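The structure appears below as structure tokens.
Read-outs: derived from the displayed coordinates by stated rules, not from any lab. Here the structure is a predicted model, which is why all the values come from computation and not from measurement.
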Amino acid sequence: MSKMSELLMVIDEMINCGEGMIKSAKQLKDIFSTEDLPESKAVAITKTKALPVIEKQSEMKTYTKEEARSILSVKSASGYGKEVKSLLSKYGADKLSALKSENYAAVVAEGEVIGNG
């Protein structure tokens with residue numbers, strides 16, 4: 001099949017698709033333009049006071065090097081080694097043993113999300 005005939009086939013499919021969309025749009029228009037629908041009632045919008053924001057004190061769990069190593073090694077073994085390495089370098093460490101203990105909780109928190117979305 002030549003490129004020209006393939007192109008013509010694709011264009012025909014696009015035309016059919018467009019015609020189908022037009023048909024669907026007309027049907028939707030007919031459905032929503034019938035006079036059987038009840039009249040819409042005006043909805044009163046009232047202002048409400050903003051609720052005070054309650055600040056939660058973050059109680060970050062403290063992690064040991066072994067706990068952090070366990071969590072990050074699972075991520076690394078799951079194929080996210082580059083992401084784990086990048087996370088460690090973000091906190092100024094080239095490997096876990098060089099990571100400062102005050103950063104364990106933050107690294108674990110960010111590490112747990114790797115690969116989840």
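Normalise the Debye intensity by I(0) for region 65-113, one equal point scatterer per Cα, no solvent, then take log10 at q = 0.14, 0.15, 0.17 Å⁻¹ and round to two decimals.
Each listed q corresponds, in turn, to -0.25, -0.29, -0.38.
How big is the gap, in Å, between the Cα center of region 73-117 and the Cα center of region 1-31?
Region 73-117 and region 1-31 have Cα centres separated by 50 Å.
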